[in-house]
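The values are calculated or read from the model by the stated rules, or taken from the named source; none is laboratory data. The shown structure was predicted, so the numbers you read here are calculated from the model rather than taken from an experiment. Counting neighbours? That spans all protein chains shown, and the Cβs are built from the backbone with ideal geometry, glycine included. Surface accessibility is based on the protein's heavy atoms, side chains included, excluding ligands, DNA and RNA. Shrake-Rupley method; radii C 1.70, N 1.55, O 1.52, S 1.80 Å.
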Amino acid sequence: MDTLSWDLGIFEQVVRAYAHLQAPVADLKGPGTNILGDHFSPVTALLAPVYRLFPTPVTLLVAQAALFALAAVAVTRVSARLLGRGPGLAVGVAYGLSWGIQRAADFDFHEICFAVPLIAFGLEAILRERWRAALLYALPLILVKEDLGLTTAALALVVAVRARRLSPRAARWALAVALIGAVATLVTLTVVIPAFNSTGGYDYWSKVDGADAAGPFAAWHLKLRTLAWLLLPTTGLIALRSPLLLAALPTLGWRFLSSDDHYWSTAWHYSAVLMPVVALALTDAVATARHSPYAWLRTHAPKLPLCAAVAALALTPSLPLAALTEPGTYRKSPQVAAAEGLLARIPDGATVEADIGPIARLTSRCRVFWVGSARPVTPRYIAIDNSDGWAGDPVEYATTLHPDARYTVAGVAGGYVLLRLQS
């Protein structure tokens with residue numbers, strides 16, 4: 001129960017619907033909400049066959065970890081090809097243990113896990129001058145999330161820059177793909193998502209334009225700190241010498257225009273798509289430094305892959321992977337066992353209104369709503385983690401949620417409270 005279950009529950013509802021050949025409804029976003037009106041991520045349907053066999057939120061978490069790991073193949077392989085086996089392995093380690101990947105793997109499930117290997121293999125293809133393959137890896141990003149069409153465009157522009165002398169025809173195709181990516185983002189944001197959204201708009205415009213707080217220049221010093229985290233421990237700033245870094249600009253752009261600290265902090269999952277970019281920009285910059293006219297650069301650049309790996313290892317004790325060294329990680333506490341037993345009393349197929357704790361324990365077998373957002377549905381059960389007493393008297397709290405209904409306490413265990421609707 002350490003895993004925050006809001007996004008994990010939402011995506012399980014979506015994948016569960018796909019697995020049963022239904023519209024991707026996420027009731028946690030509101031009863032009957034089609035997720036394509038929130039974020040455009042049809043790529044998650046690829047998990048439906050596996051989820052049909054293993055209908056559990058663990059399936060999503062394992063798939064996410066596997067996709068992050070898959071990207072390490074591309075990062076390590078091309079780095080070893082260009083720099084040698086030892087430095088290539090060091091870049092792979094630096095990517096695999098990078099703070100952006102660790103934070104993303106630790107925080108729920110998100111559709112961007114599909115983007116990470118696509119970007120990694122696309123950049124590998126660029127470094128190997130396989131222009132068609134690079135463009136083919138870039139195009140599916142359009143189906144991962146609405147903003148990633150701009151990343152498709154950025155990757156295509158990198159192809160155009162690198163191929164303009166070697167293959168003018170490939171450069172022209174790259175410009176066409178860049179246009180496709182940009183247009184896809186525009187159409188998705190202004191036509192596709194509003195068509196599925198009950199309000200006929202895109203709910204996140206206010207997050208980007210700064211209308212929700214002090215504007216895009218709020219807390220600029222913290223945004224600069226995020227940039228430092230992105231470039232210093234991962235590449236020693238040498239990635240700035242590589243045009244591959246252009247692939248990071250769209251993601252950095254919309255994040256840094258926002259005043260929402262969830263977007264521009266170093267926590268959460270938002271930096272995962274940048275980790276293969278900075279890793280392979282490091283590889284590219286070290287490889288090209290061999291021909292630099294500056295002796296100091298030719299001397300010190302080859303040391304940076306090892307430095308990046310050492311930095312990733314040194315930072316790991318303060319990152320989520322360190323939990324694997326704690327004995328408590330491998331033990332289930334009596335409180336958790338009791339809470340699980342309580343939630344198991346909810347019958348399959350029941351309607352449940354829940355807060356962050358119980359969500360992912362229920363979405364595989366119940367219709368689950370976010371607490372306070374279930375109406376007009378009156379759920380049969382309300383399950384909340386009230387270990388800190390935030391809900392006060394649970395029965396009175398249930399009355400504020402559903403004034404015309406009467407709930408009674410069906411059980412209390414491990415800080416969790418289960419309420420049942422009286423007929």
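How high is the relative contact order of the range 40-196, given as a whole-number percent (alpha carbon pairs under 8 Å, six or more residues apart)?
The normalised contact order for the range 40-196 reaches 21 percent.
Would you work out the relative contact order for the chain, in percent, from Cα pairs under 8 angstrom that are 6 or more residues apart? List each step's numbers first, then the result.
On the way: 740 pairs, mean separation 78.7, N = 423.
Computed value for the chain: 19 percent relative contact order.
GNM, the chain, Cα, under 10 Å: largest mean-square fluctuation among THR325, THR288, THR76?
In this elastic network of the chain, the residue with the biggest mean-square fluctuation among THR325, THR288, THR76 is THR325.
Between Rg and the Kirkwood Rh of the range 173-275, both from Cα atoms, what is the Rg to Rh ratio?
When Rh is taken as the Kirkwood radius, the ratio is 1.02.
Which residue fluctuates most in the GNM of the chain (Cα springs below 10 Å): SER259, SER98, SER292?
SER292
Per residue of the range 312-319, in order, report the coupling 6.51 cos²θ - 1.76 cosθ + 1.60 (Karplus, θ = phi - 60°) as ³J(HN,Hα) in whole Hz, putting x for Gly and Pro.
These are the phi-based 3J(HN,Hα) values: 4, 5, 5, 7, 4, x, 9, 10 Hz.
Give me the angle, in degrees from 0 to 90, between the Cα long axis of helix 334-343 and the longest principal axis of the Cα atoms of the chain, rounded to the nearest 10.
70
Which trypsin sites (Lys or Arg not before Pro) in the range 120-211 pass both tests, a DSSP loop state and at most 12 other beta-carbon atoms within 10 Å?
Sparse-neighbourhood loop trypsin sites (Lys or Arg not before Pro): ARG165.
When only DSSP loop residues count, what trypsin sites (Lys or Arg not before Pro) in the range 256-322 have their Cβ near at most 15 other Cβ atoms within 10 Å? Each step should come with its number before you reach the end.
Values: sites: ARG290, ARG298, LYS303; in loops: ARG290.
Sites meeting the loop and neighbour criteria: ARG290.
Summarise the accessible area of the range 8-65 (1.4 Å probe, protein heavy atoms) by the percent that is carbon and sulfur.
On the range 8-65, the fraction of accessible area on carbon and sulfur atoms equals 70 percent.
I want to check the label-to-label distance for LEU306 and ALA337. Put each point 7 Å from Cα in the C-beta direction and report it in nm to one decimal.
4.9
Using the Karplus curve 6.51 cos²θ - 1.76 cosθ + 1.60 with θ = phi - 60°, work out ³J(HN,Hα) for each residue of the range 280-291 in order, rounded to whole Hz, and write x for Gly and Pro.
The phi angles translate into 7, 5, 4, 4, 4, 5, 5, 5, 6, 5, 4, 9 Hz.
Amide H of ASP108 versus every other amide H placed in the peptide plane: which residues, excluding those fewer than 5 positions away on the same chain, fall under 5 Å?
LEU4
Count the lysine pairs in the chain whose Cα atoms lie under 21 Å apart, taking only pairs 8 or more positions apart in sequence or on different chains.
4
Among GLY253, GLY236, GLY328, which one moves the most in a GNM of the chain with springs linking Cα atoms closer than 10 Å?
Sorting by GNM fluctuation, first place goes to GLY328.
So which chymotrypsin sites (Phe, Trp or Tyr not before Pro) in the range 270-354 pass both tests, a DSSP loop state and at most 11 other Cβ atoms within 10 Å of the Cβ?
TYR294
Based only on the alpha carbon positions, what is the Kirkwood hydrodynamic radius of the chain, in angstrom?
Over the chain, the inverse of the mean reciprocal pair distance is 23.2 Å.
With runs of 4+ DSSP H residues as the only contributors, calculate the mean residue ellipticity of the chain at 222 nm using -39,500 (n - 2.57) per run, divided by the residue total and rounded to the nearest 500.
-15500 deg cm²/dmol
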